[in-house]
Amino acid sequence: MPKLTIDGLEVDVPAGTSVLQAAEQLGIEIPRFCYHDRLPVAANCRMCLVEIEKMPKPVASCAMPAGEGMVVKTQSPAALQARKDVMELLLINHPLDCPICDQGGECDLQDQAVAYGKDRGRYTEEKRAVVEKDMGPLIKTAMTRCIHCTRCVRFLTEIAGVPELGMVNRGEHAEITTYVGKALTSELSGNLVDLCPVGALTSAPYAYTARPWELKKTESIDVLDAVGCAIRIDARGNQVMRVLPRLNEDVNEEWLGDKSRHAIDGLAKRRLDTPFVRRNGRLEEASWNEAFAVIQDKLGGLPGSAVAAIAGDLADAESMFALKLLMDSLGSPHRDCRQDGAALDPAVSASYRFNTTIAGIEQADALLIVGSNPRIEAPVLNARIRKRFLKGGFAVAHIGVAADLTYPAQHLGDGVDTFQAVVDGAHPFFEVLKAAERPMIVLGMGALCRDDGARILGAARYLADKVGLVKDGWNGFNVLQTAAARVAGLDLGFVPGQGGLDTRGILAAARAGDIGAVWLLGADQIETNSLDQAFVVYQGHHGDVGAQVADVVLPGAAYTEKSGTYLNTEGRAQRAARAVFPPGEAREDWKILRAVSEVLGKPLPFDSLEALRALMAEGCASFAGIDKVVPGVWGDFGENGALNPALGPLGSAVSNYYMTDPISRASPTMARCTLEIGGNAKARTGTDG
């Protein structure tokens with residue numbers, strides 16, 4: 001390990017560490033624009049210049065490896081003057097539009113010009129101007145501000161794997177542009193705004209709506225997919241203005257998908273802010289007491305066997321647990337959190353989790369993806385797979401509809417017959433998995449939601465034994481969920497009780513008249529035509545499909561409006577925090593269910609959120625600690641039997657990345673993305689509209 005001296009302080013660093021990184025270990029700040037911890041080194045802004053003894057001129061510290069015996073000075077007159085000169089050059093063509101720039105208050109160039117620049121400029125000639133670029137509905141450009149740090153180019157090329165930006169021309173005519181003059185198709189393009197240090201790329205939906213010092217900042221988690229990215233919710237008054245990623249090395253590092261970032265304008269659209277009761281075939285506004293009276297009248301005369309409940313994809317663990325207790329008190333075994341009918345075994349927790357963990361992807365050396373397109377189902381997780389691929393020694397194969405996953409993957413086929421060949425050892429990739437030290441398989445909902453999904457799950461379990469997916473210190477069996485509520489619902493037992501019906505059974509029984517009442521907890525992706533004969537209570541925050549068929553609508557709170565616990569696809573317990581209050585008469589879901597239980601004469605055994613969470617933790621170890629992963633229990637699961645090729649190819653469960661839930665379906669921004677980007681994205685990923 002080389003030892004060097006920086007500003008009089010000695011430090012030992014691993015070989016290959018740059019001078020800039022060594023200075024950071026000592027807590028010494030060196031300004032930079034182009035350098036970023038997670039991007040390849042470009043060394044083209046020159047702002048990180050330092051003086052190194054025995055070298056004739058200042059050196060870019062981000063690109064200089066630390067050497068034995070180096071003596072570095074970051075605050076010498078030569079280093080300080082070099083930075084002032086660089087800053088003066090950067091500002092030669094930069095427009096003086098800080099008062100109207102959307103980056104104002106959060107601009108690296110602004111901050112470093114004050115800290116490291118000169119107090120005046122000498123350039124009096126005309127500044128250059130650069131034509132704005134159309135990068136789609138999410139990115140607003142002001143390319144005259146660009147200092148050519150190339151962070152955006154390197155991110156799209158290396159992290160996102162969609163090389164759609166680059167630099168053209170030379171010298172004063174150089175500019176960053178899209179290669180083919182069209183909208184960016186990456187599902188991670190919003191991260192370019194976070195990376196841009198000068199306001200050349202800003203958020204189009206957020207433009208000119210707020211200043212950072214006006215916003216109340218709340219740390220929370222994202223629930224619009226099953227990854228559970230760490231986010232910061234910025235709100236003004238009672239309106240969510242924007243969502244930004246937070247650092248979480250185990251989950252999302254510092255990235256965030258476009259839907260999770262920009263679908264928030266859907267929080268204010270199609271909202272349910274007052275109870276509704278259906279009278280004479282029409283939903284009419286009502287008071288809470290009127291809505292409760294109708295529920296008491298309808299449910300009070302039904303036996304428990306005629307009542308059922310279905311939980312949707314955005315439900316928090318507290319509300320599902322409260323609804324489960326309510327169904328138990330009514331004597332109903334009919335409940336399910338798998339509204340898509342996925343064949344997951346609730347008795348074996350390892351059968352429905354991403355057991356490798358998201359960070360564990362970086363330790364794998366072979367991967368088989370079956371019935372999933374991680375790029376559109378979990379873009380941040382897909383970026384982690386790409387990160388592992390770039391390190392080398394990582395064989396990836398895909399069974400399903402052909403797709404551009406952003407990294408080379410051997411497409412083995414699109415049918416279950418190909419998967420069966422791998423399971424039987426008749427396909428060459430079987431030997432790749434068997435020879436790997438830490439192999440992985442990722443099963444998607446596109447495989448498990450089929451009629452033969454349980455058999456596919458059983459075949460994957462058999463493959464796990466044959467190739468050694470599970471061994472000491474390693475579990476390579478993974479299910480990629482698409483719903484934020486799914487793992488928590490399965491862990492809590494929000495599944496059919498003894499003699500109970502699952503989602504398909506509930507809908508069939510309701511159609512036949514055997515189920516008289518169905519409680520929908522934000523369940524919007526079911527066949528609602530089957531509920532025409534049943535009494536339907538819809539509890540949720542958006543007037544989506546479920547609310548339209550309801551007889552009583554109870555307005556709930558969205559994830560930004562309540563404190564709720566979620567388990568992500570790997571089983572990590574995380575807590576969303578309330579950033580704003582629910583609109584109008586809407587209330588937190590667990591409070592609604594507690595009130596309903598009182599009206600029905602079956603009061604639930606808790607009166608506070610803390611008491612409810614204590615009951616959850618007693619019954620399920622997954623909720624005993626926040627931001628912890630309790631390893632899943634491994635055992636036998638799935639069914640034996642032949643797979644059915646007649647059911648068609650193994651496609652992705654997500655057909656449109658930008659619209660997968662009530663919030664994103666209500667979002668005008670996501671509608672524009674679907675219109676402007678969706679066609680290109682779907683063509684690239686091989687999905688249908």
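The table that follows gives values for the structure above.
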quantity	calculated
Scan of segment 276-293 for residues that are in contact with an Asp or Glu (Cβ under 8 Å, 6 or more places away or on another chain), more than 20 Å from residue 513 (Cβ to Cβ) and of a type outside the set (Phe, Trp, Tyr), ordered by number	277
Segments classed as strands (runs of 3 or more DSSP E), wholly inside segment 510-591, with at least 3 members that are aliphatic (A, V, I, L, M)	517-521, 552-555
Filter result for the condition that a residue is hydrophobic (A, V, I, L, M, F, W, C) and over 30 Å from residue 1 (Cβ atoms), over 59, 72, 86	86
Flag for residue 653 being over 24 Å from the mean Cα position of the chain (by Cα) and either assigned to a loop (DSSP other than H, G, I, E, B) or surrounded by fewer than 19 Cβ atoms within 10 Å (Cβ to Cβ) (or both)	no
Subset of segment 287-314 (residues that are open to solvent by less than 10 Å² (accessible area, probe 1.4 Å), under 30 Å from residue 479 (Cβ atoms) and outside any strand (DSSP E or B))	312
Failed condition for residue 185, given (1) loosely packed, with under 14 Cβ neighbours inside 10 Å; (2) under 23 Å from residue 406 (Cβ atoms); (3) modelled with pLDDT under 95	(1)
Of all residues in segment 9-34 being part of a helix (DSSP H, G or I) and not β-branched (Val, Ile, Thr), the one that is nearest to residue 82 (Cα to Cα)	20
Scan of segment 111-142 for residues that are outside any loop (DSSP other than H, G, I, E, B) and surrounded by 13 or more Cβ atoms within 10 Å (Cβ to Cβ), ordered by number	111, 112, 113, 116, 139, 140, 141
Selection count, segment 198-223, where residues are surrounded by fewer than 24 Cβ atoms within 10 Å (Cβ to Cβ), in contact (Cβ under 8 Å) with a residue 40 or more places away in the chain and of a type outside the set (Ser, Thr, Tyr)	9
Of all residues making up segment 447-474, the number that are assigned to a loop (DSSP other than H, G, I, E, B) and either more than 29 Å from the chain's Cα centre (by Cα) or among the small types (Gly, Ala, Ser) (or both)	3
Condition check for residue 504: part of a helix (DSSP H, G or I), touching a residue at least 40 places away in the same chain (Cβ under 8 Å) and open to solvent by 20 Å² or more (accessible area, probe 1.4 Å)	yes
So residue 319, is it part of a helix (DSSP H, G or I), open to solvent by 10 Å² or more (accessible area, probe 1.4 Å) and not basic (Lys, Arg)	no
Candidate set: segment 80-110, residues that are part of a helix (DSSP H, G or I) and β-branched (Val, Ile, Thr); chosen: the one least open to solvent (accessible area, probe 1.4 Å)	86
Inter-residue pairs, beta-carbon under 6 Å, first at negative phi and in contact (Cβ under 8 Å) with a residue 24 or more places away in the chain and in segment 641-667, second of a type in the set (Lys, Arg) and open to solvent by less than 40 Å² (accessible area, probe 1.4 Å), 6+ apart	647/450; 658/259; 664/259
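Results for (1) buried (at least 19 other Cβ atoms within 10 Å of the Cβ); (2) over 26 Å from residue 489 (Cα atoms); (3) touching a residue at least 40 places away in the same chain (Cβ under 8 Å); (4) in contact with a Phe, Trp or Tyr (Cβ under 8 Å, 6 or more places away or on another chain), shown as yes or no for each residue.
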{"residue": "233", "(1), (2), (3), (4)": "yes, no, yes, no"}
{"residue": "245", "(1), (2), (3), (4)": "yes, no, yes, yes"}
{"residue": "248", "(1), (2), (3), (4)": "yes, no, no, no"}
{"residue": "252", "(1), (2), (3), (4)": "yes, no, yes, no"}
{"residue": "256", "(1), (2), (3), (4)": "yes, no, yes, no"}
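The values are calculated or read from the model by the stated rules, or taken from the named source; none is laboratory data. No experiment lies behind these values; they were computed from the predicted model shown. With ideal geometry, Cβ positions are generated from the backbone for all residues, glycine too; neighbour counts draw on all protein chains shown. SASA here: full protein model, heavy atoms, side chains in, ligands and nucleic acids out. Shrake-Rupley method; radii C 1.70, N 1.55, O 1.52, S 1.80 Å.
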